[in-house]
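Here's the structure, in structure tokens; my notes come after.
The values are calculated or read from the model by the stated rules, or taken from the named source; none is laboratory data. Just so you know, these numbers come straight off a predicted model, no measurement behind them. Counting neighbours? That spans all protein chains shown, and the Cβs are built from the backbone with ideal geometry, glycine included. Heads up: the accessible areas ignore ligands, DNA and RNA and are worked out on the full protein's heavy atoms, side chains in. Shrake-Rupley method; radii C 1.70, N 1.55, O 1.52, S 1.80 Å.
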Amino acid sequence: MFFTHLSQSCKCNLKKYTFFLLCFFLIFPAISMCGYAGAEDKPSDAIDLEFEIPEVEKKPYEFRAELKVLETVKGLDEDSLIFRQKYPDGLDDKTLYQTDLDLKVEGSYQAKIAKLYARLKENLSYNDEEAWENYLRTEEVYVSLQPSPSISLDAGKKVLKWGKGYAWNPAAFFSRPKDLDDPDATMEGYYVVSGDLIKSMDSPVKTIALTPVILPISKNINHEWATKKEIVWGGKIYFFTLDTDLDLMFLLGKEVNDCFGFSFSKNISVNFEIHGETAIVLDYVKHITDKQGNLTEKKYDAKDFLFGIRYLTARDTTYILEYYRNGQGYTEDEMKDYFSLIQAGYDDYISSQNMGDLIASRGYGSQSYNKQTVMRDYLYLKVSQKEPFEILYLTPALTCIYNINDKSASIAPQMTYTPITNLELDFKATFLFGKDYTEYGEKINDYKILASVKYYF
Amino acid sequence: MKKIILLLLICQLLVVPVFALDGNEMLRKVDRNLNPESFEMYRKLINIEPNGSKKEFVMYSVKKGRDKIASVFLSPASEKGRSTLRVGENMWLYIPNVGKPIRITSLQSVTGGVFNNSDIMRIDYSAEYNCDKVEDVEKEHILYLKAKTKSVAYDRVKMWVDGKSLLPLKIECFASSGMLIKTLYFKQVKDFGGGVVRPAVIETDSPLYKGYKSIIIFAKVKTKDLPDEVFTLNYMSKVENLR
């Protein structure tokens, strides 16, 4: 069905689709040729080994930016329940196009022990549905005081990424969830006051580092956390012992659930790393809908686990494999009830134009059910190969996310090419597989293609 | 006759440890001649491809003791702010976008090219290797080094050392199978001041990367007192503050 749908979509939009792909693939060789043309084509012995390195002069201020142009093509699955939930009347065009222009600017100013840092992200996008959209977001802005290398104090909007997982971090209590499509992307922080106290020792425990955190909640800041004013306390204690990183972390609040976590990582050999993470969220309240749309609450201590490896072969292939148990996630039966609600709502709308159940399901979906990693057990595998077939600066990769509970999956081949310093070309296609009433089988799209050009300056 | 053979055997057994001791002592002197106990430096790393195109990276590094080194990339813009830390055989990479240190392995390369992480985050050779044998050839010594543990990037290393300055001239790195992985050439001895006189350039090539070459140029190598706390995960995002 998927391939039939894909071919139909492609036929419908053949001109746009072909034009888009042609444009992107023409960029690769064109820029590559520019890169070679711009290179200094002389023997290495003749290269001037200058010792005066201009970049070493330090300035009190620093500035860095990246500009990204991203084209997204989404092949919608009109038979999926999430499609029917969003577009019960259907769409004429089964392929959506979106163009994004992202500008990320970061800068800092240092005066003695104080440093001011800010990172802003501006996004301008155009798509078939909503035309032009624009937003400016302050991802981070904070002041950092560092009287000595062992003490620092930060105050402001800051990202605190805890945990050792690559795709998921259940113990990152003060972070927003990672985007599974791009786990390395920058994130937006929360307003916090945090510090670092570091002590190194000549003993079996070589380093202890304490990171206390205070997160205030009010109607003006961090209001996503709770409905009432409160101060959330937390912290992380890091130990480096027996060549192993160990972290203990906690979060204590009133309306916010108390959380406790632990993470570790260790290099087993020169090319093999293992890591793990666990967290418990006390008195977690899960909202569950039944087939009729009745919402119930289930309170329990949610336990999350993650275990992963990173392995590099002699042929420069890197494997990242992770298993994640999401204690807050829905069971297969709970998800089937949700999908049944959408199906019933859609049938009701088609037969009697009654939107009641569909609107209710949309609410539940945006709150939890339609988010990433919504179920309980997942596998993540990323395989990347550095410069295969002696093609310089090219890194192909394949990412697979497998939902163990309902046996649905997402598979994403990707190519990253950096022919010139500071320029990165990326091409990624994501295909979703799954039967009816499964997470990836019922996603709004069958496939998604992303092509981007990023320039750093 | 038996007594003479026994005596010769005992002498032979005694000779081997004497060589080993001399070799390890010489290796420690090579380490100290390459850099002071605690210091800072700037390095430009150049990867040269077979077609002549180049990629350049500038990094600031601090090193303390035999097995602690931290670095931060100053350029190009795409790499700026990335920092690396090595404590013994433990290595981490901090990418500002990712926002937290991740463990990396010595055989990976944060810059690409012929240099891998263990080359870029070089700790004292004597911290990783024992000297099995020393050969004297004209005005040079050849040290035959064996890795102390399996977690060291190269199982065996053959090091040519200048007999007068006790600075390395050339190093060949071998895998446990005996295969040559790469050769490092130490060039252009320079006086950096403060008693630091060492090669300012290291070039490398590898039979595994035919036609490729990587070069490291050293600048502003000077002694600096550094607290141990600098070489911790929590400090990785702040290494540039030491400049």
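Would you mind finding the one in A:125, A:108 that is of a type in the set (Gly, Ala, Ser), part of a strand (DSSP E or B) and under 30 Å from residue A:445 (Cβ atoms)?
The unique qualifying residue is A:125.
The conditions are (1) open to solvent by 60 Å² or more (accessible area, probe 1.4 Å); (2) of a type in the set (Ser, Thr, Tyr); (3) in contact with a strand residue (DSSP E or B) (Cβ under 9 Å, 6 or more places away or on another chain), and residue A:366 fails exactly one of them. Which is it?
(3)
Would you mind finding the one in A:177, A:170 that is crowded, with 22+ Cβ neighbours inside 10 Å, more than 10 Å from chain B (Cβ to nearest Cβ) and in a loop (DSSP other than H, G, I, E, B)? First the steps, then the outcome.
Working: A:177 fails: crowded, with 22+ Cβ neighbours inside 10 Å.
From the options A:177, A:170, the qualifying one is A:170.
Among A:68, A:104, which is the only one that is at pLDDT 95 or above, out of contact with any helix residue (DSSP H, G or I) (no Cβ under 8 Å at 6 or more places or on another chain) and open to solvent by less than 40 Å² (accessible area, probe 1.4 Å)?
Numbers: A:68 fails: open to solvent by less than 40 Å² (accessible area, probe 1.4 Å).
The unique qualifying residue is A:104.
Consider region A:346-388. How many of its residues are assigned to a helix (DSSP H, G or I) and more than 14 Å from chain B (Cβ to nearest Cβ)?
Residues flagged as assigned to a helix (DSSP H, G or I) and more than 14 Å from chain B (Cβ to nearest Cβ) within region A:346-388 amount to 21.
Is one or more of the residues making up region A:381-399 open to solvent by less than 20 Å² (accessible area, probe 1.4 Å) and farther than 30 Å from residue B:45 by Cβ?
no
Say we look at region A:251-296 and pick out the residues that are among the hydroxyl-bearing types (Ser, Thr, Tyr), within 14 Å of chain B (Cβ to nearest Cβ) and closer than 23 Å to residue A:210 by Cα; which of these is surrounded by the fewest Cβ atoms within 10 Å (Cβ to Cβ)? Don't jump to the end; show me each part of the working.
Filtering region A:251-296 down to residues among the hydroxyl-bearing types (Ser, Thr, Tyr) leaves A:263, A:265, A:269, A:278, A:284, A:289, A:296.
Remaining after also requiring within 14 Å of chain B (Cβ to nearest Cβ): A:263, A:265, A:269.
Now drop any that are not closer than 23 Å to residue A:210 by Cα, which leaves A:263, A:265.
Values: A:263: 25, A:265: 23.
Of everything passing the filter in region A:251-296, A:265 is surrounded by the fewest Cβ atoms within 10 Å (Cβ to Cβ).
I want to confirm something. Restricting to region B:56-69 and keeping residues that are over 15 Å from the mean Cα position of the chain (by Cα) and surrounded by 20 or more Cβ atoms within 10 Å (Cβ to Cβ), which single residue is nearest to the other protein chains (Cβ to nearest Cβ)?
Going residue by residue through region B:56-69, those that are over 15 Å from the mean Cα position of the chain (by Cα) are B:56-60.
Filter again for surrounded by 20 or more Cβ atoms within 10 Å (Cβ to Cβ), leaving B:57-60.
On the way: B:57: 9, B:58: 4, B:59: 9, B:60: 7 Å.
Looking at the filtered set, the residue picked out is B:58.
Using the structure shown, decide if residue B:166 is surrounded by fewer than 19 Cβ atoms within 10 Å (Cβ to Cβ), in contact (Cβ under 8 Å) with a residue 60 or more places away in the chain and closer than 30 Å to residue B:97 by Cβ. Spell out how you get there, then give the answer.
Numbers: surrounded by fewer than 19 Cβ atoms within 10 Å (Cβ to Cβ): yes; in contact (Cβ under 8 Å) with a residue 60 or more places away in the chain: yes; closer than 30 Å to residue B:97 by Cβ: no.
When the stated conditions are applied, residue B:166 does not pass them.
Please work out which residue is farthest from the other protein chains (Cβ to nearest Cβ), limiting yourself to region A:142-167 and to residues that are open to solvent by 20 Å² or more (accessible area, probe 1.4 Å), outside any strand (DSSP E or B) and farther than 21 Å from residue A:207 by Cα.
Restricting to residues being open to solvent by 20 Å² or more (accessible area, probe 1.4 Å), outside any strand (DSSP E or B) and farther than 21 Å from residue A:207 by Cα, the top hit is A:166.
What is the one condition in (1) closer than 26 Å to residue A:165 by Cα; (2) open to solvent by 20 Å² or more (accessible area, probe 1.4 Å) that residue A:359 does not satisfy?
Unmet condition: (1).
Starting from residues that are open to solvent by 20 Å² or more (accessible area, probe 1.4 Å) and in a strand (DSSP E or B), keep the ones in region A:418-431 and report whichever is farthest from residue A:371 (Cα to Cα). Let's see the steps before the verdict.
Going through region A:418-431, the residues open to solvent by 20 Å² or more (accessible area, probe 1.4 Å) turn out to be A:418, A:420-424, A:426-428, A:431.
Going one step further and asking which of them are in a strand (DSSP E or B), we end up with A:423-424, A:426-428, A:431.
Details: A:423: 32, A:424: 29, A:426: 25, A:427: 24, A:428: 21, A:431: 17 Å.
Restricting to residues being open to solvent by 20 Å² or more (accessible area, probe 1.4 Å) and in a strand (DSSP E or B), the top hit is A:423.
Give just the number: which of (1) within 11 Å of another protein chain (Cβ to nearest Cβ); (2) more than 25 Å from residue A:455 (Cβ to Cβ) does residue B:165 not satisfy?
With respect to (1) within 11 Å of another protein chain (Cβ to nearest Cβ); (2) more than 25 Å from residue A:455 (Cβ to Cβ), residue B:165 is out only on (1).
In region B:41-55, what residues are more than 7 Å from chain A (Cβ to nearest Cβ), at pLDDT below 90 and assigned to a strand (DSSP E or B)?
If the condition is that a residue be more than 7 Å from chain A (Cβ to nearest Cβ), at pLDDT below 90 and assigned to a strand (DSSP E or B), then B:47 is the only one that fits.
Output the number of residues of region B:207-231 satisfying the condition of being closer than 20 Å to residue B:173 by Cβ and either crowded, with 19+ Cβ neighbours inside 10 Å or within 11 Å of another protein chain (Cβ to nearest Cβ) (or both). If you could, list the steps in order and put the result at the bottom.
Within region B:207-231, the subset closer than 20 Å to residue B:173 by Cβ is B:207-216, B:218.
Now narrow it down to the ones that are either crowded, with 19+ Cβ neighbours inside 10 Å or within 11 Å of another protein chain (Cβ to nearest Cβ) (or both): B:208-216, B:218.
Summing the residues that are closer than 20 Å to residue B:173 by Cβ and either crowded, with 19+ Cβ neighbours inside 10 Å or within 11 Å of another protein chain (Cβ to nearest Cβ) (or both) in region B:207-231 gives 10.
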